[in-house]
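Contents: one structure, followed by commentary.
The values are calculated or read from the model by the stated rules, or taken from the named source; none is laboratory data. In this text, all values refer to a predicted model and were calculated from it rather than measured experimentally. Cβ: placed from backbone, ideal geometry, glycine included. Neighbour counts: every protein chain shown.
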Amino acid sequence: MSGFFSLKAWHQVWTYRETFELGLLNTVETALVGVLLSLVLGIFFGLMATSGKKWLKCIARIYVEVIQNTPVLLQICFLYYSLAFSGHSMGIIATGMISLGIYTGAYMAEVFRAGIEAIPGGQFEAAHAQGFGYVGMMYHIILPQSIKIILPPAVNQVVNLIKNTSCLYIIGGADLISQTYNFVTGATTGGAYAPAYLVCGVLFFIICFPLSKMASAWEMNLKKRDQKMAVSVKSRKIVMAETGERKKVAV
Amino acid sequence: MEDLQASLSILQNPAVLLYILKGVAFSMIIALLAVVCGILLGSVLALVRNYCTSQKNKVFGWIATIYIEIFRNTPLLLWIFICLIACPCPKHFERQLFGLTSVETKLLFKAAVALILFTSSVIAEIIRGGLNSVAAGQFEAGHSQGFSTVQIMIYIVLPQAFKNVVPTLLSQVITTIKDSSYLANIATIELMSRVKKILSSANMYNGTGAIHVSDVFILFGFAALIYFIINYTLSCIVRYTQKSRKTVNGKMSWNNV
């Protein structure tokens, strides 16, 4: 990793900064559409998995298992090449959006399923007793309660999706990683390895770090609230205070 | 239909099949290696991040935190590319090994290093979760029995922490097997890249002289099937361990009541 301090290499990166801007734009674009698609698929299959009807559950299960147990790289290649060889290629970025959306959608479906299943059955029964239909029950009663359970893992999946945009490289992608790699290995632009990779890494970090921090902060908050609700907290506090005193005595 | 039969004949070619199956073996070995090294490195990172909080060795805690956060928030492919130019390769690996050319062994070593570094940061967070789940009373109990801090870690805290995270670690194995397909971006060593390579020369194997859609379906379908069988078996094991843990915990809480 020489060239960290070479002014020439940094100058080169600055001269070709549009390459990185374009890559970042493509990555963000792919990620945004992918997240939307994955949310739609996640809600759809998550509701199917909790619907209680056996065949709907079965379909959701098959989707989740097949997608979760094969690499996203394989799915992207599959989609891209099968379209390309049948003469209906729709471009790299569109392929990436769709396959990343489908891949993350499987994880989102599991997140939604877990969130909905965490709501006690009495809530469903109460909603029915009040005359809510299925949509009304989900929209007004179940989802508002489960959203706080769903959000932290869902945001983690979004972070994963943003990192997975790097998969576009294998189909000759235009995302940030591919642009960086093409830049450092290009005949006219090549050589500035260290600064280019640093810029690329920092850009990813700036996007992903706040998101994952936010997710873990939410999760901690949730755990704390749960603990507060638990009755046993009081007794635990007493025990902790006692041990604290004992330590003081020992000192 | 004829296309499909021609595509199927690719898989009946024993040389092709052997080539792909060797790729499966490489995938498994790389993933297993990454997880084992990741657990070793990850435990150290987790311990340092969690317990180096005193004024004197705060710096180490910070370093571990920075390492974990950086690797968790950047894509694996970036680290593979970085390792390609930045990771030194020992002379021992710059020769023909395991039926690979010397260039490929070199690439394999560098990419494996990247995968290990990346996986260790993820596993560190998993193990940290396990460490946090061990009750503080365990430390006090250990101290009162005359254990030193290191002994408490080895004999009391770490075994419990690992026991708590076995299902999560197993599902990390699944993720690592999937992540090993990222190596397809730089070299033809493991399953994914080998299937892709065969697809690119499928016209030589299927006897029709051209690549059809059915070749894509058959070859990638075959690879997907292999990945699915391995990962699904693992995820069934994960679910089984989670379930048995729940019943054990349930029994224990009953005893406590």
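For this structure, a couple of remarks:
- The range B:103-138: number of residues that are over 25 Å from B:ILE174 (Cβ atoms), away from chain A (no Cβ under 14 Å) and surrounded by 12 or more Cβ atoms within 10 Å (Cβ to Cβ): 4
- Selected residue (criterion: nearest to the other protein chains (Cβ to nearest Cβ)) from residues of the range B:175-196 that are part of a helix (DSSP H, G or I) and hydroxyl-bearing (Ser, Thr, Tyr): B:SER181
- Of the numbered criteria (1) surrounded by fewer than 18 Cβ atoms within 10 Å (Cβ to Cβ); (2) away from chain A (no Cβ under 12 Å); (3) not β-branched (Val, Ile, Thr), the one B:GLN172 fails is (1).
- Of everything in the range A:204-228 that is more than 9 Å from chain B (Cβ to nearest Cβ) and touching a residue at least 12 places away in the same chain (Cβ under 8 Å), the residue that is farthest from the chain's Cα centre (by Cα) is A:LEU222.
- Candidates A:ILE119, A:ILE149 - the one that is touching a helix residue (DSSP H, G or I) at 6+ places or on another chain (Cβ under 9 Å) and either over 29 Å from B:SER171 (Cα atoms) or in a helix (DSSP H, G or I) (or both): A:ILE149
- Test: residue in the range A:95-111 that is without any contact (Cβ under 8 Å) to a residue 12 or more places away in the chain and within 11 Å of chain B (Cβ to nearest Cβ): no
- For the residues A:ALA196, A:ALA127, A:ALA217, the requirement of being exposed (fewer than 14 other Cβ atoms within 10 Å of the Cβ) and either out of contact with any Gly (no Cβ under 8 Å at 6 or more places or on another chain) or assigned to a helix (DSSP H, G or I) (or both) singles out A:ALA217.
- Among the residues making up the range A:162-180, those that are under 19 Å from the mean Cα position of the chain (by Cα) and either more than 7 Å from chain B (Cβ to nearest Cβ) or of a type in the set (Val, Ile, Thr) (or both) are A:ILE162, A:ASN164, A:THR165, A:CYS167, A:LEU168, A:ASP175, A:LEU176, A:ILE177.
- Listed conditions (1) farther than 30 Å from B:PRO88 by Cα; (2) over 25 Å from the mean Cα position of the chain (by Cα) are all met by A:THR19, apart from (1).
- Residue among A:GLY105, A:GLY115 that alone is in contact with a Lys or Arg (Cβ under 9 Å, 6 or more places away or on another chain) and crowded, with 21+ Cβ neighbours inside 10 Å: A:GLY115
- Within the span defined as the range B:197-205, every residue fails to be touching a residue at least 40 places away in the same chain (Cβ under 8 Å), at negative phi, touching a Ser or Thr at 6+ places or on another chain (Cβ under 7 Å) and in a helix (DSSP H, G or I).
- In the range B:148-169, residue nearest to the other protein chains (Cβ to nearest Cβ) [restricted to those that are polar (S, T, N, Q) and assigned to a helix (DSSP H, G or I)]: B:THR168
- Candidate set from the range B:1-57 (those that are within 18 Å of the chain's Cα centre (by Cα) and of a type in the set (S, T, N, Q)); member that is surrounded by the most Cβ atoms within 10 Å (Cβ to Cβ): B:SER27
- Pair list, Cβ under 7 Å, 6 or more apart: the range B:34-49 residue under 20 Å from B:SER171 (Cα atoms), other residue basic (Lys, Arg) and crowded, with 21+ Cβ neighbours inside 10 Å: B:ALA46/B:ARG128
- Residue check for B:PHE228: within 8 Å of chain A (Cβ to nearest Cβ), in a helix (DSSP H, G or I), within 28 Å of B:TRP79 (Cα to Cα) and touching a Phe, Trp or Tyr at 6+ places or on another chain (Cβ under 6 Å): no
- Tally, over the range A:64-94, of residues that are assigned to a helix (DSSP H, G or I), touching a Leu at 6+ places or on another chain (Cβ under 8 Å) and within 13 Å of chain B (Cβ to nearest Cβ): 3
- Qualifying positions in the range B:206-216 - within 14 Å of A:PHE85 (Cβ to Cβ) and either outside any helix (DSSP H, G or I) or modelled with pLDDT of 85 or more (or both): B:ASN206, B:THR208, B:ALA210, B:ILE211, B:HIS212
- With respect to (1) closer than 22 Å to B:CYS236 by Cα; (2) more than 14 Å from every other protein chain (Cβ to nearest Cβ), the lone exception for A:TYR139 is condition (1).
- For the range A:46-62, the condition holds for no residue, the condition being that it is surrounded by fewer than 21 Cβ atoms within 10 Å (Cβ to Cβ), within 18 Å of the chain's Cα centre (by Cα) and more than 21 Å from B:VAL216 (Cβ to Cβ).
- First in the range B:88-100 and free of Cβ contacts under 8 Å to residues at least 60 places away in the same chain, second anywhere and of a type in the set (D, E, K, R), Cβ under 7 Å, 6 or more apart: B:CYS89/B:LYS106; B:CYS89/B:LYS110; B:PHE93/B:LYS106; B:GLU94/B:LYS106
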